[in-house]
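A short write-up of the structure that comes next.
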Amino acid sequence: MDLTPPTSRIIRVLEADPGLADGLDDEELRVLLPTAVARVQIVEPGEWAPPEDPQPHRDHIGLLVVRGLVTRTLSVDGRDFTELLGDGDLLRPWQESESWPSVRTERRWHMLTRSELGVLDGRFAMAIGGSPRVQAAIVARAVARSRALAFYLAVSHIRRVEQRLLVMLWHFAERWGRVGPQGVVLGVRLTHETLGRVVGARRPTVTTALTQLMEQGLVSRTPDRRLILHGDPPRGLHGVALTQAASS
């Protein structure tokens, strides 16, 4: 897929994602703002076929999610796991072909919303070459994603599906939630099938688990079907979903 279509536009990366400029003084920011630029690729909702050939992207840092929601699903022996990605996450889809050559895997990408991806190419890498703070901030994004995956893995070891689901919903609320009069409203709409791939359960099991959480007053829905989380985030699992557990 061409990452630089004629309809794309150029952005100042440190303006589009101010977190990457944390710690820069005024002079550093003045120098970097006009030079640390990237071309933006706009991807419409639906399945996405990203570039997978690593050779043309050897000097690319990656694709920065400037705005949008993306899922990446990894399938191993028919079992799917889905990762939810959003603003500020760093993607390197062309690195996939170099991973786990001895294990047969399949990968699928899906845009949940119209998304904007900043192409952090070799020119951008050269522009920030003299700024250790920006370089460190980008590395921190990659590390944050790896730690999020470790969190997903830890949650997958929780035995009860409704507990796994509640913990992951609060995790998503930290990034995409907003506080409302009734509780924390999730800003993302996720199907039961997607939630199942996140927590390692089948869709009917997720439906049952979500019903149990609603019956206990821990979760409800807005009129437009967004989930609302009630109470405080679970600091532990004692007392959470004490009804009969759903099984995966």
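The values are calculated or read from the model by the stated rules, or taken from the named source; none is laboratory data. On a predicted model such as this, the values are computed, not experimentally measured, just so you know. Neighbour counts are summed over all protein chains in view; Cβ atoms, including those assigned to glycine, are modelled from backbone coordinates with ideal geometry.
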Sort out which residues of the stretch 90-118 are surrounded by fewer than 17 Cβ atoms within 10 Å (Cβ to Cβ) and assigned to a strand (DSSP E or B), and write them in order of number.
-> Thr105, Glu106, Arg107, Arg108, His110
Filter result for Gly187 (under 24 Å from Ala144 (Cα atoms) and surrounded by fewer than 18 Cβ atoms within 10 Å (Cβ to Cβ)) | yes
Looking at Gly183, is it on the phi > 0 side of the Ramachandran plot and either among the β-branched types (Val, Ile, Thr) or touching a strand residue (DSSP E or B) at 6+ places or on another chain (Cβ under 8 Å) (or both)?
-> yes
Among the residues listed as Asp121, Asp87, Asp77, the single one being outside the structural domain of Leu190 (by TED's automatic domain parsing), acidic (Asp, Glu), closer than 27 Å to His171 by Cβ and surrounded by 14 or more Cβ atoms within 10 Å (Cβ to Cβ) = Asp87
Considering every residue within the stretch 92-104, establish whether at least one is free of Cβ contacts under 8 Å to residues at least 40 places away in the same chain and under 20 Å from the mean Cα position of the chain (by Cα).
-> yes
Search result, residues across the stretch 212-229 that are assigned to a loop (DSSP other than H, G, I, E, B) and surrounded by 18 or more Cβ atoms within 10 Å (Cβ to Cβ) = Leu218
Does Ser115 fit the bill of being within 18 Å of Ala38 (Cβ to Cβ) and under 15 Å from the mean Cα position of the chain (by Cα)?
-> yes
For the stretch 17-66, name all the residues that are assigned to a helix (DSSP H, G or I) and either out of contact with any Leu (no Cβ under 8 Å at 6 or more places or on another chain) or loosely packed, with under 12 Cβ neighbours inside 10 Å (or both).
-> Pro18, Gly19, Asp26, Glu27, Glu28, Arg30, Val31, Gln55, Pro56, His57
Answer residue from the stretch 156-169, given it is in contact (Cβ under 8 Å) with a residue 12 or more places away in the chain and surrounded by fewer than 18 Cβ atoms within 10 Å (Cβ to Cβ) and is nearest to Asp80 (Cα to Cα) among those = Ser156
2 or more residues within 28 Å of His60 (Cα to Cα) and over 17 Å from the mean Cα position of the chain (by Cα): qualifying helices (runs of 4 or more DSSP H) within the stretch 122-211 = 122-127, 132-156
Count of residues meeting criterion [over 22 Å from the mean Cα position of the chain (by Cα) and more than 20 Å from Glu106 (Cα to Cα)] in the stretch 44-56 = 2
